[in-house]
Amino acid sequence: MDKIKIAKAMEEFDKIIQKNEEIEFWYARELMPLLGYERWENFDKAINRAMESCETAGMEISDHFREVTKMITIGKGGNRGVKDYMLTRYACYLIAQNGDVKKEEIAFAQSYFAVQTRKQELIEERIAYIERTEARTRLRESEKRLSQNIYERGVDDKGFGRIRSKGDQALFGGRSTQEMKKKLGIKENRPLADFLPTLTIAAKNLATEMTNYNVEEKDLQGEKAITIEHVQNNSSVRSMLGERGIKPEELPAAGDIKKLERRAKTQEKKMIENTGKFPKQDRGDDNGESET
């Protein structure tokens, strides 16, 4: 998500902020299109999942989700009441957490609601972290699948390590995994991928998925055949990047993904501590409002 899109999204989210007794909140029906939902029925389900997450976290649902009735104008000047919710920042964050982060709107919302200061650079940083974390998770899953595939075809854990290392050599222009760790200043006991930029993680994942596909489709057997396949796939990905002037071994290291994860959790903790709560009220008082 580029800076212009982020700035525009911030403006749209800021525009629908409401305040009640010094508490910031958002109406669900106003938030819904900004999160990429078109049907209220689907968004209502997402809200209910978020309520379950709220309860699981030991929070009072009523502190953060308040059902209200909103009046809307229908044909010929008539009015009809529809269900809506008042949502605290924490409630909005939980709804975004239960969404698909592959959607730009969801990744932005997770960042927007987690970072209370609403500074664009902090939101940009968190979105980049989400994108990188997602790429890292996909790589971890594809490597796990590769490990299972080759184990079923007569290759042990050490063989898997050799296959993966040969793949890295092909991707990084002859540099081994250990050489890349040394170049980027990574400790021996840490995975290389935890320090790679999103682009390189995605490149490794693409090559690994290609290997998985061909190992399964061609039913490749043994370490030698699978190594040749994995090297070819990493070489192909490197060639594709090279056509765009990108050499993976020359890209700088990214921040330690574990440290970024801890920073993200600290932001979430501060957000939860500082977010407002709705005051207690009678169940019948719905704070409804009219909408045309």
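Readers should treat all values here as calculations from the given coordinates under stated rules, not as data from a laboratory. Worth saying up front: this structure is predicted, and the values here are computed from it rather than measured. Cβ atoms come from the backbone with ideal geometry, glycine included; neighbour counts cover every protein chain shown.
Just a few scattered comments:
- Within straight-line reach of residue 224, meaning a Cα separation under 13 Å, sit the following aspartates and glutamates at least 8 residues removed in sequence or on another chain: 156.
- Helix 120-151 axis, angle to the chain major axis (alpha carbon atoms, nearest 10°): 50 degrees
- Counting DSSP beta bridges with both ends in the chain, the antiparallel % (nearest 5): 85 percent
- In the chain, a dipole from Cβ-located charges (positive for Lys and Arg, negative for Asp and Glu) runs towards its positive end, and of 43, 133, 6 it is 133 whose Cα lies farthest in that direction.
- Rounded to the nearest 10 degrees, the inclination of helix 40-56 to the longest alpha-carbon principal axis of the chain is 80 degrees.
- Here the relative contact order of region 128-265, from alpha carbon pairs under 8 Å that lie six or more residues apart, stands at 36 percent.
- Using only alpha carbons, region 55-174 has a radius of gyration to Kirkwood radius ratio (Rg to Rh) of 1.24.
- Student exercise, the chain dipole from Lys, Arg, Asp, Glu Cβ charges, in Debye to nearest 20: 1020 debye
- Long-range HN-HN contacts of residue 37 with modeled amide H, under 5 Å: none
- Packing-based ranking, highest mean first, of 88-96, 244-252 given that Cβ atoms within 10 Å are counted: 88-96, 244-252
- 4 °C / 1.567 mPa s Stokes-Einstein diffusion coefficient of region 1-122, Kirkwood radius on C-alpha pairs, µm²/s: 86 µm²/s
- Restricting region 96-193 to GluC sites (Glu not before Pro) in coil, as DSSP defines it, with at most 13 other Cβ within 10 Å: 152, 188
- Ranked from largest, the principal axis spans of the Cα set of region 1-68 equal 37, 30, 23 Å.
- As a rough guide to protection, the peptides 263-269, 81-87 ranked by mean Cβ packing within 10 Å, highest first, stand as 81-87, 263-269.
- Over all Cα atoms in the chain, the spread is summed up by Rg and Dmax: 24.1, 75 Å.
- Cut-off 10 Å between beta-carbons: net charge of the residues surrounding residue 276, Lys and Arg +1, Asp and Glu -1: -1
- Once you reduce region 153-191 and region 18-39 to the center of their Cα atoms, the two points are 47 Å from each other.
- Taking all pairs of distinct alpha-carbon atoms in region 128-265, Kirkwood radius in angstrom: 15.2 Å
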